Amino acid sequence: MKRRRIHRDLIYAASLLGSVAAVFTGCNNKPSTPTSPTSPSPITSASPTAVLTSVAVNGPDRMEPGTTASFQAIATLSDGSTRDVTLETNWTILPASAQAVLTISSAGVASAHRSGVASIAAACRCGGTGTAKQVKVIPENTFVLWGSVVEGGAGIPDATVEVTSGAFAGLSATTTWEGAYWLYGVAGDVEVRASRDGYQPQLQRVTVTQDRMLAYTLTLSSRRAQIAGAYSLTLTASDKCATSLPGEARVRTYSAAVVQDGSRLDVMLSGALFLASAYGGDKFSGRVGPEEISFLIDPYNEGDGINEQLTPASVLKIAGGVFASPSVAGFTGTMSGTIALMTTGALSRSCHAADHRFALSR
């Protein structure tokens, strides 16, 4: 079975599918030539007790590759007055992988390198709550083509979406866990194909004159496996965790009821004391693909993974992505993620690894 890498740094971006139209509503103004940030201005508040309440990032929403632009951090005080704190701010590009798209200096001057999207985060050393501004890097007079690749209502991860004709032929993107993709820098009449091993590819012809959505629905090339039923789930921490996790946290076994609806899988756990929520704690979801089954435990990194109460004072948290294939007893595979032990509400011990072992046995 060909193993596929889970794009964890893009998972949270895919969760924005419902609002992605708003996120990528075009702002086609070119940034002006950057100016040097000014020194912090004094607080103009007449109230000596005014305190900093928030920081906002000012600057362009869109840049072209090869250009630079200045961003300012503007602090708002409790009495409504403002102050430029650009030079008192720690600037960061998020996620870390987006530094290939955009970088920023300590003075707030951003350099655009290649097409894509990045968030410029600002945390003022003077206090207050940090903030971030999303910036799209894209050539002039081109647009963003975005959408999803699904099968049976479930997103297909690691599918390839590629422009196959026109001036932008060869431009491609890989779908996230939920099947989302973004192609930056497309314009005019193009043919765009979505494909993945085990599925019949789909080709669409479109004219791109603005940011727009293009969705794909693929069909399996072979019969889908049926795996619903009762299982025993065993999660075993990577050997790398031998010294970082106590014995009771390294191997956990639960009863697992798997429900299947087309390609979608829903797993409900029992046999332990779980801290359940609407989205996790004692449950997670997955999908049946042509080559493997996959699961995502805590897809948006919000603490909704497996949460087991080990003792009155300790909680075991498990989160990650799983790819598994058929075995004699059921399905076995690896989980890339984190196993953490929380004691009295604070992180006690944890281990992140790409080779935690996952086994569903009948």
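The values are calculated or read from the model by the stated rules, or taken from the named source; none is laboratory data. Values in this document were obtained by computation on a predicted structure and should not be read as measured data. Reconstructed Cβ throughout: ideal geometry from the backbone, glycine too, with neighbour counts over all protein chains shown.
I need the full set of residues from segment 143-171 which are modelled with pLDDT of 95 or more, surrounded by fewer than 22 Cβ atoms within 10 Å (Cβ to Cβ) and hydroxyl-bearing (Ser, Thr, Tyr), in order please.
Thr160, Thr164 - these are the residues of segment 143-171 that are modelled with pLDDT of 95 or more, surrounded by fewer than 22 Cβ atoms within 10 Å (Cβ to Cβ) and hydroxyl-bearing (Ser, Thr, Tyr).
Filter segment 45-69 down to the residues that are at pLDDT 95 or above, over 18 Å from Ala122 (Cα atoms) and small (Gly, Ala, Ser) and list them by number.
Gly66, the sole residue that qualifies.
Quick check on my filter: what residues within segment 208-248 are part of a loop (DSSP other than H, G, I, E, B), of a type in the set (S, T, N, Q) and within 27 Å of Arg287 (Cβ to Cβ)?
Answer for segment 208-248, where residues must be part of a loop (DSSP other than H, G, I, E, B), of a type in the set (S, T, N, Q) and within 27 Å of Arg287 (Cβ to Cβ): Ser221, Ser222, Gln226, Ser238.
Could you tell me which numbered condition Ala329 fails, if it satisfies all but one of (1) among the hydrophobic types (A, V, I, L, M, F, W, C); (2) closer than 18 Å to Asp239 by Cα; (3) surrounded by fewer than 16 Cβ atoms within 10 Å (Cβ to Cβ)?
Going through (1) among the hydrophobic types (A, V, I, L, M, F, W, C); (2) closer than 18 Å to Asp239 by Cα; (3) surrounded by fewer than 16 Cβ atoms within 10 Å (Cβ to Cβ) one by one, Ala329 breaks only (2).
What number of residues in segment 249-276 are hydroxyl-bearing (Ser, Thr, Tyr), closer than 13 Å to Ile306 by Cα and in a loop (DSSP other than H, G, I, E, B)?
0
From the list Ala319, Ala353, Ala324, pick out the single residue that is at pLDDT 90 or above, crowded, with 18+ Cβ neighbours inside 10 Å, out of contact with any strand residue (DSSP E or B) (no Cβ under 6 Å at 6 or more places or on another chain) and part of a strand (DSSP E or B).
Ala353
From the residues in segment 88-122 that are more than 24 Å from Leu145 (Cβ to Cβ) and among the polar types (S, T, N, Q), which one is nearest to the chain's Cα centre (by Cα)?
Going through the qualifying residues, I end up with Thr92.
Check Ala121, Ala132 and return the single one that is in a strand (DSSP E or B), among the hydrophobic types (A, V, I, L, M, F, W, C) and surrounded by 17 or more Cβ atoms within 10 Å (Cβ to Cβ).
Ala121
Evaluate segment 97-110: report whether one residue or more is in contact with a Pro (Cβ under 8 Å, 6 or more places away or on another chain) and surrounded by fewer than 17 Cβ atoms within 10 Å (Cβ to Cβ).
Checked against the condition, which is being in contact with a Pro (Cβ under 8 Å, 6 or more places away or on another chain) and surrounded by fewer than 17 Cβ atoms within 10 Å (Cβ to Cβ), segment 97-110 yields at least one hit.
Consider Gly179 carefully, then state whether it is among the small types (Gly, Ala, Ser), crowded, with 17+ Cβ neighbours inside 10 Å and on the phi > 0 side of the Ramachandran plot.
yes
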